Amino acid sequence: MTALGAMSLAVALGVMPATSLGQARLTNAQVETRTAAQPLDREIAAATARGGARWIGYRIRIAAGRRSMDCFERTRVALEPASEISILARFEGTTLTRLRTATPDCEIDAGGLPVLWLENVKPDDSVAWLTATIKATGPADERLDRVVKPAVMAIAMHEGTAATRALIDFARDYQVAKVRSDALFWLAQRAGQQAAATIAEAIDRDPDTEVKKRAVFALSQLPKDDGVPRLIDVAKSNRNAAVRQQAMFWLGQSNDPRALKFFEDVLLK
């Protein structure tokens with residue numbers, strides 16, 4: 001059989017050796033691709049109603065200033081960050097069992113499963129579906145690491161205020177401390193006054209000391225003119241000794257003259 005004939009047969013069978021659909025490099029996959037004609041949750045509900053195991057994937061643009069995840073390939077050196085990420089969800093019937101993200105140039109092996117690739121998914125639809133997925137996963141659910149944590153990170157990559165609002169909600173109210181911590185971290189990467197206020201609120205009000213400490217770290221990730229003064233305030237006045245110590249640590253890492261002046265005042269007082 002000629003190379004062209006073999007490729008034609010692969011297309012007919014829906015099993016491509018490698019494909020760039022939607023800029024995702026899919027291998028070992030039975031690929032179906034179509035444009036999303038309705039909100040993402042409805043597209044997913046229709047696809048998973050067929051039963052069986054499958055992946056559903058789509059891509060979004062990465063928000064300005066966010067750092068993407070790179071493929072860890074020894075032969076590949078990316079000098080510039082990716083501008084998009086692929087979001088891939090694995091279903092067993094209608095149950096989401098795993099969520100993965102990757103830059104479009106990563107080669108993705110689907111393990112021979114069907115893959116529905118959706119084009120033109122709206123960012124706010126994606127945020128809404130990811131948010132609903134996180135809220136539907138309880139604190140004792142074994143999928144916290146495989147679904148919730150990557151979903152929070154995926155939301156953080158999205159452009160727009162819907163993603164910021166979702167992260168703020170999770171940082172304030174989600175019942176699992178480590179998810180609140182993750183949301184605080186990603187909020188810091190987005191910066192802005194709204195994010196800073198939510199981080200400061202977590203330091204003051206969150207009942208978990210580890211979340212408070214993660215919030216202090218989040219302050220250190222803000223632009224220095226916003227983060228350093230807030231860290232100094234925490235180091236001076238927070239009632240939790242572990243939180244004050246954490247603020248002192250990150251001030252020491254800042255190399256900011258205001259931090260040096262603060263340490264001088266403390267040591268020479």
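Couple of notes before you dig in:
- Scoring 42-50, 253-261 by mean Cβ neighbours within 10 Å over their residues and listing the highest first yields 42-50, 253-261.
- When the alpha carbon gyration tensor of segment 88-187 is reduced to an equivalent ellipsoid, the three semi-axes, largest first, read 23, 17, 12 Å.
- Segment 103-128 versus segment 203-269: alpha-carbon centroid distance in Å: 40 Å
- For residue 249 and residue 165, a Förster radius of 45 Å and the Cβ-Cβ distance give a FRET efficiency of 0.90, rounded to the nearest 0.05.
- P(r), alpha carbons of segment 179-252 - 5 Å bins starting at zero, rounded %: 3, 21, 35, 27, 13, 2
- Shape call, segment 146-269: gyration tensor on alpha carbons, a/c limit 1.5: prolate
- Per-residue Karplus couplings for segment 87-93, computed as 6.51 cos²θ - 1.76 cosθ + 1.60 with θ equal to phi - 60°, are listed in order as 10, 10, 10, 9, 10, 10, x Hz, Gly and Pro entered as x.
Every number in this text was worked out from the coordinates using simple rules, so none of it is lab data. Bear in mind the structure is a predicted one, so any value in this text is a computation, not a measurement. Cβ atoms come from the backbone with ideal geometry, glycine included; neighbour counts cover every protein chain shown.
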